[in-house]
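Engineer: Pasting a structure below so you can have a look.
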Amino acid sequence: SLAKKTGGKRKIEIKIIENEYDMLISFSKRRLGVYKKISELSTLCGGEILFIIFSPTSKQYSFRHPFVEFVAKRILNQTNLLIKPLMLLLRLTIR
């Protein structure tokens with residue numbers, strides 16, 4: 001018989017997983033899938049990526065391309081460019 005022995009690819013309802021063991025297994029598998037997609041996006045589009053995720057047990061995982069320091073500095077520089085004008089605007093409105 002040519003019948004499938006597994007359920008194959010199925011849609012699952014997206015909701016919180018109550019069983020802690022199942023949650024950790026799902027997190028581990030999905031984290032690897034997300035890393036793969038991020039890597040593909042970076043390779044295909046030349047994107048600079050910094051991705052940080054915390055597991056249900058509060059363990060930190062990260063993915064970065066090209067280098068975490070480079071991406072982090074770029075984020076901080078852009079944040080400073082946004083914050084400085086806002087701080088100036090606040091000073092002007094408070095006076």
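The values are calculated or read from the model by the stated rules, or taken from the named source; none is laboratory data. Here the structure is a predicted model, which means the values were calculated and not measured. Please note that ligands, DNA and RNA were not included when accessible areas were found on the heavy atoms of the full protein model with its side chains. Shrake-Rupley method; radii C 1.70, N 1.55, O 1.52, S 1.80 Å.
Engineer: Over the range 19-75, give the accessible area per residue in Å² for a 1.4 Å probe, as an integer. Spell out each step's value before the answer.
Structural biologist: On the way: 4340 Å² over 57 residues.
With the other protein chains kept in place, the range 19-75 gives 76 Å² per residue.
Engineer: Oh, and also: A 24 angstrom limit on the alpha carbon distance is what I want to check against. Which of Lys9/Lys29; Lys15/Lys73; Lys9/Lys37 exceed it?
Structural biologist: Check vs 24 Å cut-off fails for Lys15/Lys73.
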